[in-house]
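Reading through the structure tokens given below for one structure.
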Amino acid sequence: MPETLKIIEVLKERYPDAECSLRYSGEPWKLLVLARLSAQCTDARVNIVGVELFKRYPTADALADADIADVERIVRPCGLYHVKAADIIAECAALRDRYNGEVPRGMDELLSLPGVGRKIANLIRGDVFGEPGIVADTHCIRICGRLGYYPESMKDPAKVERILSAVIPPDEQADFCHRLVLFGRDICTARSPDCANCPLTALCAHTKTQANQTVTNSI
């Protein structure tokens, strides 16, 4: 099992200001919307789209009553725009009609919202309410597999969440996941991880495996 506390310490040193990449201005309903738009899309693009979307619909109530064709037009650059537009309108309607316009705190309540799975629910719970939760996105799954928490072939978000929730201290989980996003863009990329300049090399199972293979092949 990887040396979790050392990994956390290294990531904290490299990325002291862990924060969500989605720009929601401290308004929970906006984070809910942006998180839904971020599926299979970069946070950078979602943030750009969010500027126009929230200028046009500045409140959850306004978005709940929006014309879906107009919302589809705005969110089209995020991909899957038919489904995403329908979901964010339905999300906002649910906030208005079932939760007095407030984003709920409970996992079950969040999962009842259209388009919300455990990844989004954990993001909301961590960033808005300070609750523990592992956001098992692509960066988290890839990097923690390479570190050796589970086989690199594992891609099941539910299993990853369960494994990491048991080993990452609860008060570190939200920031840990945000730091993994930054680390995944900066060093441990999907196609060509920069192992030569990685601060986690000494703690990484993937690096050790690669080194062993190199030695074996040279014999």
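Laboratory data are not the source of any read-out in this text; all were calculated from the coordinates shown. Everything numeric here is computed off the predicted structure, so don't read it as measured data. Every residue, glycine among them, receives a Cβ derived from its backbone with ideal geometry; neighbour counts consider all protein chains shown.
What do you get for the angle between helix 205-218 and the principal long axis of the chain? Use alpha-carbon atoms, 0 to 90 degrees, nearest ten.
So the helix axis and the longest Cα principal axis differ by about 40 degrees.
Grab the other residues whose beta carbon is less than 12 angstrom from that of residue 136, score K and R as +1, D and E as -1, and report the net.
+3
Excluding residue 20 itself, calculate the net charge of residues whose Cβ lies under 9 Å from the Cβ of residue 20, where each Lys or Arg counts +1 and each Asp or Glu counts -1.
Charge balance near residue 20 sits at -2.
In a shell of Cβ-Cβ distance under 15 Å around residue 109, excluding residue 109 itself, what net charge do Lys and Arg (+1) and Asp and Glu (-1) give?
Here the count lands on 0.
Give me the angle, in degrees from 0 to 90, between the Cα long axis of helix 28-37 and the longest principal axis of the Cα atoms of the chain, rounded to the nearest 10.
Taking Cα atoms only, the helix is inclined about 70 degrees.
Once you charge only the Cβ atoms, +1 for Lys and Arg and -1 for Asp and Glu, what is the size of the charge dipole of segment 138-197 about its Cα centre, to the nearest 20 debye?
Using Cβ point charges on Lys, Arg, Asp and Glu, segment 138-197 gives about 260 debye.
Compare 84, 12, 55 in a GNM of the chain, Cα atoms joined below 10 Å, and give the one with the largest fluctuation.
55
Identify which of 122, 47, 197 has the largest mean-square fluctuation in a Gaussian network model of the chain, with springs joining Cα atoms closer than 10 Å.
With Cα springs under 10 Å in the chain, the top fluctuation among 122, 47, 197 is at 197.
Placing +1 at every Lys and Arg Cβ and -1 at every Asp and Glu Cβ, with all other atoms neutral, what dipole size does segment 96-219 have around its Cα centre, in debye to the nearest 20?
400
Counting only GluC sites (Glu not before Pro) that are in a DSSP loop and have at most 14 other C-beta atoms within 10 Å, tell me the longest site-free stretch of the chain.
103-219
What is the extension gain from residue 80 to residue 152, computed as 0.36 nm multiplied by their sequence separation minus the C-alpha to C-alpha distance, in nm to one decimal?
Difference between extended and current length: 23.1 nm.
I want to verify the translational diffusion coefficient of segment 18-79 in µm²/s; compute it with Stokes-Einstein, Rh as the Kirkwood radius over Cα pairs, at 25 °C and 0.890 mPa s.
Rounded to a whole number, D works out at 210 µm²/s.
Quick one: what do you get for segment 85-173 if you divide its Cα Rg by 2.2 N^0.38 Å?
Cα Rg divided by the expected 2.2 N^0.38 Å: 1.21.
Roughly how tilted is helix 138-147, in degrees to the nearest 10 and between 0 and 90, from the longest Cα axis of the chain?
Approximately 20 degrees, to the nearest ten.
Could you tell me whether segment 128-219 comes out rounded, prolate or oblate from its Cα gyration tensor? Rule is a ≥ b ≥ c as square roots of the eigenvalues, rounded for a/c under 1.5, then prolate if a/b exceeds b/c, otherwise oblate.
prolate
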